[in-house]
Amino acid sequence: MTNLYPVYIDLTDKKCLVIGGGKVAERKICHLLDYGCSIMAVSPQAEKNIEQWADQELIEWYQREFQAQDIAGCFMVFVATDDYQINEKVSRMCRERGVMVNAVDDPPNCDFYVPSIVRRSSLALAISTGGKSPAFARRLRSELEEIITPAYGEFVDIMGEQRELIKDKVKDIEIRKKIFEELVYSDILDLLKAGEKEKAKEKVKRCMSYWLD
């Protein structure tokens, strides 16, 4: 297998097709709902959650078998069935049309893999084995979830706020780098881990005052 290029994609308003209506399709749709894309599901039957999402107009559900025309206008397609003939058929059709496809648990029919994610607010760590061992990716995610506490997400959010202020106030790129590094390598994260949010905020203020006053 060739090396895979890791990338984060903005799915806002992009059409994503999920073929299947079982538990796997349900999980795929549930994850996609967080990313602002236009979700279309195709399956004769579907889990209750899929039906409810359709009733709430969060997704479009077509209660029938997959048709070739369903691929039209899609940015990416997820095949969440246990029928490898369907996987191969849909994968071939997508590739002919230049549409990215992911067939669950069927690496030869995948153009991309969905990594296991550890998310803490704006911080996201993606774990992938390139389709070789999804189970190990899940195990590693569980281990990292214990290490990467919510404090890391709080720290990233603080850095995001200060980044905009620094970019607005400091024009010298080298000085910007020094400020960012001072914040990153300070004890602010440790204070957040200890639950000392107010002390962390005070430390940020002192650091920013030193550079901006």
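Based on what the data block shows, is LYS48 of a type in the set (Lys, Arg), surrounded by fewer than 18 Cβ atoms within 10 Å (Cβ to Cβ) and more than 29 Å from GLY130 (Cβ to Cβ)? Judged against the criteria, LYS48 is a match. Taking the listed residues ILE29, ILE19, ILE71, the one that is within 18 Å of VAL114 (Cβ to Cβ), among the β-branched types (Val, Ile, Thr) and in contact (Cβ under 8 Å) with a residue 40 or more places away in the chain is ILE19, with no other qualifying. Here are some residues: ASP10, ASP55. Which one is exposed (fewer than 13 other Cβ atoms within 10 Å of the Cβ), of a type outside the set (S, T, N, Q) and touching a Gly at 6+ places or on another chain (Cβ under 9 Å)? Exactly one residue qualifies, and that residue is ASP10. Remark: pairs (first residue in region 174-202, at positive phi; second residue part of a helix (DSSP H, G or I); Cβ separation under 8 Å; 6+ apart in sequence or on different chains) are absent. ASP83 meets the conditions (1) within 16 Å of the chain's Cα centre (by Cα); (2) without any contact (Cβ under 8 Å) to a residue 24 or more places away in the chain in every case but one. The failed one is (1).
Within region 39-67, residues that are more than 23 Å from ASN87 (Cα to Cα) have Cβ atoms under 6 Å from residues that are at pLDDT 95 or above and surrounded by 14 or more Cβ atoms within 10 Å (Cβ to Cβ) in these pairs: ASN49/GLU26; TRP53/ILE59; ALA54/TRP61, counting only partners at least 6 apart in sequence or on another chain.
With respect to the conditions (1) assigned to a helix (DSSP H, G or I); (2) of a type outside the set (Lys, Arg); (3) farther than 17 Å from TRP211 by Cα, PHE180 falls short on a single one, namely (3).
Pull up region 173-198, narrow it to residues that are closer than 21 Å to ILE148 by Cα, surrounded by 15 or more Cβ atoms within 10 Å (Cβ to Cβ) and charged (D, E, K, R), then point me to the one that is farthest from the chain's Cα centre (by Cα). Checked region 173-198; the qualifying residue farthest from the chain's Cα centre (by Cα) is GLU196. Is at least one residue of region 122-145 of a type outside the set (Asp, Glu), under 17 Å from LEU189 (Cα atoms) and free of Cβ contacts under 8 Å to residues at least 12 places away in the same chain? No, region 122-145 contains no residue that is of a type outside the set (Asp, Glu), under 17 Å from LEU189 (Cα atoms) and free of Cβ contacts under 8 Å to residues at least 12 places away in the same chain.
The values are calculated or read from the model by the stated rules, or taken from the named source; none is laboratory data. Every value quoted in this text rests on a predicted model; they were computed, and no experiment measured them. Cβ: placed from backbone, ideal geometry, glycine included. Neighbour counts: every protein chain shown.
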